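S.K.: If you scroll down you'll find the structure; I have some questions about it.
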Amino acid sequence: MSFEDLDLHPFILKAIHDAGYTTPTPIQQQAIPELIAGQDVMACAQTGTGKTAAFMLPALHLLSTPSQLRSRGPRILVLTPTRELALQVSDAAKKYGKYLPRTKVVSILGGMPYPLQNKLLSQPVDILVATPGRLIDHIQRGRIDFRRLQMLVLDEADRMLDMGFVEDVETIAAATPITRQTLLFSATLDNAIDKVAAKLLKTPKRIQVASHKTKLDNIEQRLHYADDMSHKNRLLDHVLRDEKLKQAIVFTATKRDADTLADNLYAQGFAAAALHGDMNQRERNRTLTRLRNGGLRVLVATDVAARGIDVADITHVINFDLPKFAEDYVHRIGRTGRAGAAGVAVSFASAKDNMHLSKIERYTGQRIASHVIPGLEPRIKPRLHSYGTKSAPNVTQKRKRSPFAGYGTRSNFGAGSELNGNRNEQHGRSFSHDNRSNSFRNRNNSSAGQHFARAK
């Protein structure tokens, strides 16, 4: 199947061809015809499968026909859980709609100055991309006219629920016309998602593609047991000095730990920086720009902040702290191995983490082999964690890896083209609504920060 087979507007097809894409991904093949036909859709697809284009292309196709209503308000509204994802969706809309006349895209995000947002909303808008908390503020102030809204998109719906946005999403939906077309895209479909869909969607078409196992096939997963924080830091230093590592994301459990570890790595000579939810928008944008431009080799991040990062040269993902939830493991390591390229995911664990490891293996359907680095062996041999009825094997680090071929591959449009906040940041959870004043944080400090200085 080609994009011409999807009956998209010629101007959209021209933009797609300019980008070098010819073949739609499975989620695009299934979702785009249903959406062009006006059907409500619930779609489940993993990050890197092209789902941003799966809803943005039919949204732009809808805009190719002028609205019969006169209003400055948006015709398309896309809700995302994080600022980074919202900016990526906005970029995609501008990229694929560049030949359509009078297509105005506006982003309303936490961290942006209100005067600037007020100015943007005072002008005609076609596509509005927003995070729920900040959008609620503008709705309450009467600054948005939804009379001509035709399509509501809930992107990363499972993350919005995890971050406590369900009431905001329902409030926003109630402010839009009942005649709207509603799209729900999520990495998982469960009972909580079904409840939201039952309230907001009308007899939706259910689409599910890209299983977790399929998504991880091109990522080599490794496990290293660590005795203590000092041992963990020495393991990290070894991994980061691998010549095959181009760029890496190192995940920590808390924002405080991300700052501390990034400072420690920088002091050791690594081009490293932190990314987390306490940083203002300018700092976050500057850090992401450095990462995309190759100015950073190591990004130390929390789950929420790193959600949606799409950089082709990320060859390694390192779980300095294991995620609390198995699905977050999939989202983390999905930052590497994009667009069919090979990637490496390294996880550090103590003997106490066997239960978490077993949950992750059951969730992914894959066993994570434990590795030992000569000279950095754990003092106490950990009990092997199990996957199903078998034990994971111990192997040495000499296992041959696949070469990192395929970066920049563009044969599958949208594969790896999406930024993809994750579940609330562990041990320092933030239930913030885009830095609104009613946000709060659990202030229990991680003991990890006390030990980072012992590295090397």
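S.K.: Of the residues 151, 112, which is within 21 Å of residue 276 (Cβ to Cβ), surrounded by fewer than 24 Cβ atoms within 10 Å (Cβ to Cβ) and of a type outside the set (Asp, Glu)?
M.R.: 112
S.K.: Next question, about the same structure. Looking at region 43-62, can you tell me whether even one residue there is more than 17 Å from residue 152 (Cα to Cα), crowded, with 20+ Cβ neighbours inside 10 Å and of a type in the set (A, V, I, L, M, F, W, C)?
M.R.: Within region 43-62, one or more residues are more than 17 Å from residue 152 (Cα to Cα), crowded, with 20+ Cβ neighbours inside 10 Å and of a type in the set (A, V, I, L, M, F, W, C).
S.K.: Looking at 277, 294, 269, can you tell me which residue is within 30 Å of residue 113 (Cα to Cα) and more than 19 Å from the chain's Cα centre (by Cα)?
M.R.: 294
S.K.: Continuing with this model, one more query. Name the helices (runs of 4 or more DSSP H) wholly inside region 272-376 in which the number of residues that are over 25 Å from residue 226 (Cβ atoms) is 3 or more.
M.R.: Result: 281-292.
S.K.: Out of all the residues in region 78-109, which are among the hydrophobic types (A, V, I, L, M, F, W, C), more than 20 Å from residue 277 (Cβ to Cβ) and either modelled with pLDDT under 90 or assigned to a loop (DSSP other than H, G, I, E, B) (or both)?
M.R.: 100
S.K.: I'm trying to understand the selection: among the residues of region 148-161, which are under 16 Å from residue 135 (Cα atoms) and not hydrophobic (A, V, I, L, M, F, W, C)?
M.R.: Across region 148-161, the qualifying residue is only 155.
S.K.: Could I ask something else about it? Test residue 312 against the criterion of being surrounded by fewer than 21 Cβ atoms within 10 Å (Cβ to Cβ), assigned by TED's automatic domain parsing to the domain that holds residue 220 and farther than 25 Å from residue 109 by Cβ, and give yes or no.
M.R.: Answer is no for this residue.
S.K.: Could you go through region 249-266 and let me know if any residue there is exposed (fewer than 15 other Cβ atoms within 10 Å of the Cβ) and in contact with a strand residue (DSSP E or B) (Cβ under 8 Å, 6 or more places away or on another chain).
M.R.: Checking region 249-266: not a single residue is exposed (fewer than 15 other Cβ atoms within 10 Å of the Cβ) and in contact with a strand residue (DSSP E or B) (Cβ under 8 Å, 6 or more places away or on another chain).
S.K.: Mind checking whether some residue in region 53-76 is assigned to a loop (DSSP other than H, G, I, E, B) and under 21 Å from the mean Cα position of the chain (by Cα)?
M.R.: no
S.K.: Condition check: modelled with pLDDT of 90 or more and within 26 Å of residue 355 (Cα to Cα). Does residue 290 satisfy that?
M.R.: no
S.K.: Specify the residue that is surrounded by the most Cβ atoms within 10 Å (Cβ to Cβ); the eligible residues are those in region 338-368 that are closer than 15 Å to residue 322 by Cα and among the small types (Gly, Ala, Ser).
M.R.: Out of the qualifying residues, it is 347.
S.K.: Report every pair of residues separated by at least 6 positions or lying on different chains whose Cβ atoms are under 6 Å apart, first residue within region 338-358 and closer than 26 Å to residue 380 by Cα and assigned by TED's automatic domain parsing to the domain that holds residue 221, second of a type in the set (S, T, N, Q) and modelled with pLDDT under 85.
M.R.: Listed pairs, sorted by first residue: 358/386.
S.K.: Counting just the residues of region 157-167 that are assigned to a helix (DSSP H, G or I) and crowded, with 22+ Cβ neighbours inside 10 Å, which one comes out modelled with the lowest pLDDT?
M.R.: By that ranking, first place goes to 162.
S.K.: May I pose another question? Restricting the search to region 14-30, which residues are of a type in the set (A, V, I, L, M) and either surrounded by fewer than 20 Cβ atoms within 10 Å (Cβ to Cβ) or within 18 Å of residue 183 (Cα to Cα) (or both)?
M.R.: Answer for region 14-30, where residues must be of a type in the set (A, V, I, L, M) and either surrounded by fewer than 20 Cβ atoms within 10 Å (Cβ to Cβ) or within 18 Å of residue 183 (Cα to Cα) (or both): 19, 27.
The values are calculated or read from the model by the stated rules, or taken from the named source; none is laboratory data. Nothing here was measured: the structure is a model prediction, and the numbers come from that model. So basically every Cβ, Gly included, is an ideal-geometry build from the backbone, and we count neighbours across all protein chains shown.
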